[in-house]
Amino acid sequence: MGRGSNFDTFTPSRRTLLGSAAGVALAGLVAGCTTAPAAPPPGDHAGGGGSGMPVRQLGAEPRNGFAEPGGARVMQIVAHPDDDLFFMNPDVIHTLSRGVPVVSVYITDGGSFGVNAIPGQPNPPANLPAYISSRQQGLRQAYARMLGAPLFTTWERTTIPLPDGRAADLNVLEHQGRRAELIFLNIRMHAKEHGRPVNMTALWGSPGARLPTQPTPESQVKGAFSYDRKALVDTLVSLLRRYRPTLIRTLDPDPDAQVHDKRHPRGSDQVGYSDHPDHTAAALFAWRALAEWADGTARRGKAPTFQTESYRGYYNQRWPHNLPPETVALKAQYLNAYGGDPSWECGNASGCGDYAIGSDRVLVSKKGWVRSTHRRYPNAGPKVVSAEDGSLTVYAVLGTRLARWTGTSAGVLGAPEDLGGGPLAPAISVTTDADGRQLIFALRFSRLEGATAGNTREIVMLRQRTPGGAFEPSWVGLGNPESRPRRSRLTGPPTAVTGSDGRVHVFVRNGDKGVSTRVMDERGTWSPWQALPGGFVQDGLAATVDGGGLIHLFASAPGWVEHWAQRKPSDELRKGSRRFVAKPGDVPDAVTASDGSVLLGYRRVASDRVMVERLAAGRTGRWTTVANPAVPGYGRVGLVGGRKPLADALLMAATAGGGEALVYDVHDGGVAEARTRQPAVTVGTPAAVTANGGAPAAVVTLGLTGRPVVTRLRDVADSQAS
């Protein structure tokens, strides 16, 4: 139904194709799978009061399966030298320490205005080529240390051929089985064309814009080149095809909207957003290249098998810090190596680092970038459904498409099934409707064309035809609570839950940093998007249904955990009690215990402590603290409730300090020894499920090759007796 209707209807037996048949086809990605979102009605609030795009069926697409991955390899696509050290570490060092090769692609030269400032001394004259070279030397120093090699180890320095006769500098170092490759495209951060300034933002969004490269004195590339938008996308696609990485890390393609004021000075942020404009442009170029590589390969045969992770940038200074002190010290160690010192004899005539960074200066910086590593999609990771017979179904995003693995009660999984839908962000949500059919919700990059109107996001859904059976051939677009294209990018990935009355509730963080929801009743009729009251929260929502059939929703605010809840099963959600017990450093998870109470878990700010709280079932429920254990690592923790015989007993799955998965027993106010350890680096938050009767069933992790690893767990009593 058209805009202005009170409801949109999706009836499985009588679908009407409202969108184009492009689906995930690149033509649909570029031109839009359907019409662009309509402008909001007069008086509509920009933060989620409008209906956005109507519910519509997306076009069917080929589903040819996934190619068998080779060995694990990580590619990082960033804007500047040091983006990986500030915003992706400690994940980079975890990857290298396990012997997984890393390829880092630096799109811009990082030259800024060419001044390598030395703190406490007058600024030297600008020397753009030398400053670029000195930053690249700093990277070689940092990566040498991460590889376990001496600081000034000599690298192999050659070139790598690129499309249309271009070339880039390639630096390679292999040390004791660890390998890093650094690729410098050296595209200028800003230049002038026909007398007008051009930067990375213009290269992404302005047709015809071009930027030149800037060779350094030590460059192995002879001559300079220039790039337009297509040339840079083609270059990134060529590198993806050459290396075939199994995990691609990018910066944040859709940063927070930010009001810059005295409390939050703009600094190098772009207008209106909480990040450097080059970070955003580099991430958009990377996602466009990923979409072209994945879609083109999938249409010719099997889709490539890779996962994605995106990292927040200047967001780190706007929200509470989420890293414990030992992890901050680890990041600072490699940033010190990158920053270097003008007195060092590093063998690079142009300089030995980015001098403003070294000597622990990042630890005293008010910006605090070193003190956080925030993922853009914090709920990413495998999602697991356990059947009555104990068999498992695992869902995750591979090659920007939805993958499903089905297995036996012994935990043996088959090959991944390609369910399409791409390009999808890596965080998905799974729920089961009143008929027993599984529904998958995801955030889709609906358009990645460049200009504002050609760069949009939407929430999409895929549903089983029958319980336990095949899925529908087409995804369904649920639109976006933000009706304007620019603001559609601020919407986060969905969290879905089925209420006790059979209605399916979908929640997303909206552009005002609040929460918007859309509800489907048992007839398949969807309500409009509506904003919930209040909230100033981070992405990474958590929802559960308590023993009384009431839905609870949680999100991390700057100083507390925000809570919404129903008063009765048929109600809409209202504001609940804010949790001020501990300041959250990361996003929460929530589950329902065997007695129907709600268990809430979240990491405390700048700490390895995890706060676990319990809310008794019912309207008059009271909060109590269950545990406050130290759990090594950082990021979201995953909880599993329904445990017996203890109402407050649960499993806690976390990514540990070395990047591996750990699963703990939490009961009697404490934490038992880790139940299982997956020594490989994992991607996203591990998932654990319980079997019938509340006994622990399994923990599922995703490794760097995209294969789920299932580990069966013993019951609490068995582990205590052993």
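The values are calculated or read from the model by the stated rules, or taken from the named source; none is laboratory data. These numbers were taken from a predicted model, which means no experiment stands behind them. Using ideal geometry, Cβ is built from the backbone for each residue, glycine included, and neighbour counts are taken over all protein chains shown. All accessible areas refer to the heavy atoms of the entire protein, side chains included, with ligands and DNA or RNA removed. Shrake-Rupley method; radii C 1.70, N 1.55, O 1.52, S 1.80 Å.
Using only helices, what value at 222 nm comes out for the chain when you add -39,500 (n - 2.57) per DSSP H run of length 4 or more and divide by the total residues, to the nearest 500 deg cm²/dmol?
That comes out to -4500 deg cm²/dmol.
If ligands, DNA and RNA are left out, what is the accessible area of W344 with a 1.4 Å probe, given in Å² to the nearest 10?
80 Å²
Quick one, what does Rg over Rh come out to for the chain if you take C-alpha atoms and the Kirkwood Rh?
0.96
Can you pull the percent of Cα pairs in region 315-440 with separation above 21 Å?
61 percent
Could you check how much of the accessible area of the chain is carbon and sulfur, as a whole percent, using a 1.4 Å probe?
Taking all protein chains in place, the chain shows 51 percent carbon and sulfur surface.
One quarter of the convex hull surface, Cα atoms only: what value does that give for region 373-436 in nm²?
The orientation-averaged projected area of the Cα hull of region 373-436 comes to 5.6 nm².
Can you work out the Karplus-derived ³J(HN,Hα) for every residue in region 306-315? Use 6.51 cos²θ - 1.76 cosθ + 1.60 with θ = phi - 60°, whole Hz, and x for glycine or proline.
8, 10, 10, 9, 10, 10, 5, x, 5, 3
Name the residues of region 131-147 whose amide N is less than 20 Å from a point 7 angstrom out from the Cα of E174 along the C-beta direction?
Once the point is set 7 Å along Cα→Cβ of E174, 140-141, 143-147 turn out to lie under 20 Å by backbone N, inside region 131-147.
Using Cα pairs closer than 8 Å and at least 6 residues apart in sequence, work out the relative contact order for region 59-211, in percent.
Numbers: 236 pairs, mean separation 32.8, N = 153.
Answer for region 59-211 is 21 percent.
Whose amide H sits under 5 Å from the amide H of N116, counting only residues 5 or more places off or on another chain, with H placed in the peptide plane?
When sequence neighbours closer than 5 places are left aside, the close amide H contacts are N127.
State the extension gain, in nm to one decimal, for the chain segment bounded by R574 and T154, taking 0.36 nm per residue of separation less the distance between their alpha-carbons.
So the chain would gain 145.1 nm between R574 and T154.
Calculate, for K222 and H264, the FRET efficiency according to 1/(1 + (r/R0)^6) with r their C-beta to C-beta distance and R0 56 Å; round to the nearest 0.05.
After rounding to 0.05, the efficiency reads 0.80.
For a quick check: with amide H placed at 1.01 Å from N, whose amide H comes under 5 Å from D275's, ignoring anything fewer than 5 positions away on the same chain?
Q270
Give me the 1.4 Å probe accessible area per residue for the chain, excluding ligands and nucleic acids, in Å².
35 Å²
Hey, what do the phi angles of region 282-288 turn into as Karplus ³J(HN,Hα) couplings, whole Hz, using 6.51/-1.76/1.60 and θ = phi - 60°, x for Gly and Pro?
4, 5, 5, 4, 5, 5, 5
Can you work out the base-10 log of I(q)/I(0) for region 501-588 at q = 0.13, 0.15, 0.16, 0.22 1/Å, using the Debye formula on its C-alpha atoms alone?
For region 501-588, the Cα-only Debye profile gives -0.41, -0.54, -0.61, -1.09.
By average Cβ neighbour count within 10 Å, what is the ranking of 65-71, 606-612 from highest down? It would help to have the intermediate numbers written out before the result.
Numbers: 65-71: 15.0, 606-612: 21.3.
Highest-to-lowest ranking by the protection proxy: 606-612, 65-71.
Enumerate the amide H contacts of F471 below 5 Å, restricted to partners 5 or more residues apart or on another chain; note that Pro and chain-start residues carry no placed amide H.
For F471, whose amide H was placed from the backbone, the distant partners under 5 Å are R465.
Taking 7 Å along the Cα-to-C-beta vector as the label spot, tell me the Q333-A470 distance in nanometres, rounded to one decimal.
5.4 nm
With the cut-off at 14 Å, report for region 295-335 the share of all Cα pairs above it, as a whole percent.
70 percent
If each residue of separation counts as 0.36 nm, what is the full-extension length gain between T625 and R523 once their alpha-carbon separation is subtracted?
32.7 nm
Show me, for region 459-469, the HN-Hα J-couplings you get by feeding each phi into the Karplus relation (A = 6.51, B = -1.76, C = 1.60, θ = phi - 60°), rounded to Hz, glycine and proline as x.
Those phi angles translate into 8, 10, 9, 10, 10, 5, 6, 9, x, x, x Hz.
On a 0 to 90° scale, report how tilted helix 325-339 is relative to the longest principal axis of the chain, with both axes built from alpha carbons and the result rounded to the nearest 10.
Between the helix axis and the principal axis of the chain, the angle is about 20 degrees.
Which distance in nm do the two modelled labels at E345 and D501 give, with both placed 7 Å along the Cα-to-Cβ direction?
7.8 nm
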